[in-house]
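Step one of this worksheet: look at the structure below.
The values are calculated or read from the model by the stated rules, or taken from the named source; none is laboratory data. Just so we're clear, the structure is a prediction, and the values are computed from it rather than from any experiment. Don't worry about glycine lacking a Cβ; one is built from the backbone with ideal geometry, like all the others, and counts go over all protein chains shown. To get the accessible areas, we keep the full protein, side chains included, count just its heavy atoms, and leave off ligands, DNA and RNA. Shrake-Rupley method; radii C 1.70, N 1.55, O 1.52, S 1.80 Å.
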Amino acid sequence: MATTKTHTLKKWDTLHNNGPFEIKKLYVTELEGDGNMQKKLDRYNDAATEIRRLIKESHDANHGFRAYGSAWSMNHIASQKDRMHYNGFMNIHMPIEKNQCHIGTNFDASNLFLFECGTTIKRVSEVLSAHGKSLKTTGASNGQTLAGCISTGVHGSALHVGAIQDYVVGLNLIIGPNPEDIVYLEPHTKPAINNAFAEKISHRVIRNDGLFNAALVGLGAFGFIHGIVIEAEPRFLLKRYVKKINKDLALELAQTLDFKNSTFKIPEETSVDGSGNIPYHYKIFINQYSNEAEYVVELMYKKPYHANYKDPFPIIKQSLYRDLIHLFTKMAENFPKSIPWLVKRLRKSILPMVDEELTGTLPEIFWDAPYQGPAFACSFGVNYTDSPKALKLLADLTNNEGPIPGIFAMRFVKQTKATLGFTKFPVTCMLEIDGVLWKKTKKIMSLTEYSKRMIEVLKENNIPFTIHWGKSSDWNFPNLVNHMYGSDAVKTWKQYRKALLSEDMAKLFSNTFLENVDLAQVDLEPNLNPIADDDLIASL
């Protein structure tokens, strides 16, 4: 049997020290060993039984219950003041066989895999690589758990892929303490696995596009995510370039994404007619304190996989241009801890001249996160056509009302299908400022005040935006979620949550973060009709 250790605690913190937050009990569940229970499916279902027991125990104590993985989010979205569950030891994985696929599926069975909630992105990539497969995209590093990534919408930076949740094809949820509270959920218009297999890991199969899209970025509010079925793809290579180009040209590409007709060309990435190839990934590093005429840009181009490419790790390990927090903190190590002194140094040229090139697989390039200490990250999503204007507004704010110990970057991501996915624009520009945490002084505003000002500035200038659910922000800002997504999307998300969860379980799976953003309410508005249980299931 799976076993759980219970720790009585008072405080819990994130990986990047964005707390601490209150807690009463921490559960840590370990799976039964394969020596005692040889079949993966048996160990997987045994773990589900244990999670149901913990949910009942929490409910009986009138406590909330929330799962977390790598504690990567830089706010309180993962915290629960009562009871939390650490998922890191729940990492079973199973390939989906052809005879386990739905008769009406369009998926290639060889690309489908079931992963348990606590499996890290790094481990997922290792498993897929052994099968000759790859994830379609990841975040900037690989330490997050898969369930954590989709719960907050970790976005990666692939122009034609989407965020991590956009290659999820099925969710195995535990929504209460009873056997019938284990459900398997997938879209009714794009089924993946058949009932025979789904019923081996669940009591109830629900195929419904609306519910699936709402639960995809569920913020931990749709129950305990036990398993995730993903669609991988054949392994590929990425050719990565880091260059400096003219600011105006870099921002023109950000606003148009017209790499084909741009005057910026990489000779090796040009077609026979002289037009530029479209990259897999485009990122701009922006030091808002500098008046340099050029920006550092990172571009990656997708290539067919072959085995005889040069080892990329010698360059990756030494590169400043891996992760913006890493880049900034490496620079900050060389300066006194005084923020004004550091900003003074930032006003000089601090990004070195580069002309890096390397080739590697997705997990090799988006590799281990090198920095684990106090850090902040604010990340706003805007339509790519608004990206230069939004950058200027936020950079001017940072210069005029700062200083803030961080620098900006832009990344670009295909639109998500998730109801409350923050990559909601046709192509979303993720406008990010990352850096080291600081303390409020008479001359420097707090992080919350800075986050509030960013929201106010974008609103005042009529720039539609979203905010990364797992990043630093003023999450108490009035009517924030309705402003970002529109009342219709928010109502839809709430309707489907109410249809899936009982009132008691909706309360149990809520937390302070959901209360702050007005998504914890169990009761719907009087004019909002609930979704009937029969309407959740589309028979296929």
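Remarks
- The set of residues in region 440-474 being open to solvent by less than 30 Å² (accessible area, probe 1.4 Å) and free of Cβ contacts under 8 Å to residues at least 24 places away in the same chain consists of 446 alone.
- All conditions in (1) in contact with a helix residue (DSSP H, G or I) (Cβ under 7 Å, 6 or more places away or on another chain); (2) among the aliphatic types (A, V, I, L, M); (3) open to solvent by less than 10 Å² (accessible area, probe 1.4 Å) hold for residue 430, with the sole exception of (1).
- Here residue 76 meets the list (1) open to solvent by 20 Å² or more (accessible area, probe 1.4 Å); (2) more than 16 Å from residue 220 (Cα to Cα); (3) assigned to a loop (DSSP other than H, G, I, E, B); (4) touching a residue at least 24 places away in the same chain (Cβ under 8 Å) almost entirely, failing just condition (2).
- A Cβ distance below 7 Å, combined with a sequence gap of six or more or placement on separate chains, defines the contacts here; from region 480-491, residues that are among the hydroxyl-bearing types (Ser, Thr, Tyr) reach no residue that is part of a helix (DSSP H, G or I).
- Looking only at region 276-288, residues that are more than 25 Å from the chain's Cα centre (by Cα) and either at pLDDT 95 or above or acidic (Asp, Glu) (or both) come to 2 in all.
- Restricting region 369-384 to residues that are modelled with pLDDT under 80 and open to solvent by 10 Å² or more (accessible area, probe 1.4 Å) leaves a set whose member that is nearest to residue 458 (Cα to Cα) is 374.
- Residues that are open to solvent by 20 Å² or more (accessible area, probe 1.4 Å) and either without any contact (Cβ under 8 Å) to a residue 60 or more places away in the chain or touching a His at 6+ places or on another chain (Cβ under 8 Å) (or both), drawn from region 102-113: 108, 110
Yes/no per residue for (1) of a type in the set (Val, Ile, Thr); (2) assigned to a loop (DSSP other than H, G, I, E, B):
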{"position": "161", "(1), (2)": "yes, yes"}
{"position": "171", "(1), (2)": "no, no"}
{"position": "176", "(1), (2)": "no, yes"}
{"position": "191", "(1), (2)": "no, yes"}
{"position": "200", "(1), (2)": "no, no"}
{"position": "214", "(1), (2)": "no, no"}
{"position": "222", "(1), (2)": "no, yes"}
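- Within region 117-135, residues that are touching a residue at least 60 places away in the same chain (Cβ under 8 Å) and among the basic types (Lys, Arg) reach partners that are part of a loop (DSSP other than H, G, I, E, B) and open to solvent by less than 10 Å² (accessible area, probe 1.4 Å) with beta carbons closer than 7 Å, at six or more positions or on different chains, in the pairs 133/232.
- Any chance residue 306 is of a type outside the set (A, V, I, L, M, F, W, C), at pLDDT 95 or above and open to solvent by less than 10 Å² (accessible area, probe 1.4 Å): no
- Residues located in region 83-101, provided they are crowded, with 18+ Cβ neighbours inside 10 Å and in contact with a helix residue (DSSP H, G or I) (Cβ under 8 Å, 6 or more places away or on another chain): 83, 85, 87, 90, 91, 92, 93, 94, 96, 100, 101
- Residues of region 290-303 satisfying the condition of being modelled with pLDDT under 95 and surrounded by fewer than 20 Cβ atoms within 10 Å (Cβ to Cβ): 290, 291, 292, 293, 294
- Members of region 141-156 that are buried (at least 24 other Cβ atoms within 10 Å of the Cβ) and either among the acidic types (Asp, Glu) or part of a loop (DSSP other than H, G, I, E, B) (or both): 144, 153, 154, 155, 156
- All of (1) in contact with a helix residue (DSSP H, G or I) (Cβ under 9 Å, 6 or more places away or on another chain); (2) hydrophobic (A, V, I, L, M, F, W, C); (3) more than 21 Å from residue 253 (Cα to Cα); (4) open to solvent by 20 Å² or more (accessible area, probe 1.4 Å) hold for residue 316 with one exception: (4).
- Residue 57 being open to solvent by 50 Å² or more (accessible area, probe 1.4 Å), modelled with pLDDT of 95 or more and within 30 Å of residue 448 (Cβ to Cβ): no
- Within region 246-276, the set of residues being more than 20 Å from residue 390 (Cα to Cα) and either open to solvent by 50 Å² or more (accessible area, probe 1.4 Å) or in contact (Cβ under 8 Å) with a residue 60 or more places away in the chain (or both) comprises 260, 261, 263, 265, 267, 268, 272, 273.
- Unique residue being touching a Phe, Trp or Tyr at 6+ places or on another chain (Cβ under 8 Å) and buried (at least 17 other Cβ atoms within 10 Å of the Cβ) when the list is 134, 70, 125: 134
- Checking each residue of region 503-521 against the condition of being of a type in the set (D, E, K, R), in a loop (DSSP other than H, G, I, E, B), at pLDDT below 95 and over 13 Å from residue 220 (Cβ atoms) gives no match.
- Taking each residue of region 345-362 that is at pLDDT below 60 and looking for partners that are open to solvent by 50 Å² or more (accessible area, probe 1.4 Å) and not in a loop (DSSP other than H, G, I, E, B) with beta-carbon atoms closer than 6 Å, six or more apart or interchain, yields nothing.
- For region 167-177, the criterion of a residue being open to solvent by less than 10 Å² (accessible area, probe 1.4 Å), closer than 20 Å to residue 111 by Cβ and out of contact with any strand residue (DSSP E or B) (no Cβ under 6 Å at 6 or more places or on another chain) is satisfied by no position.
- The sole residue among 302, 247, 239 that is touching a Lys or Arg at 6+ places or on another chain (Cβ under 6 Å) and farther than 30 Å from residue 40 by Cα is 239.
- Taken over region 458-481, the criterion of being touching a Leu at 6+ places or on another chain (Cβ under 7 Å) and within 15 Å of residue 432 (Cα to Cα) is satisfied by 458, 465, 469, 472.
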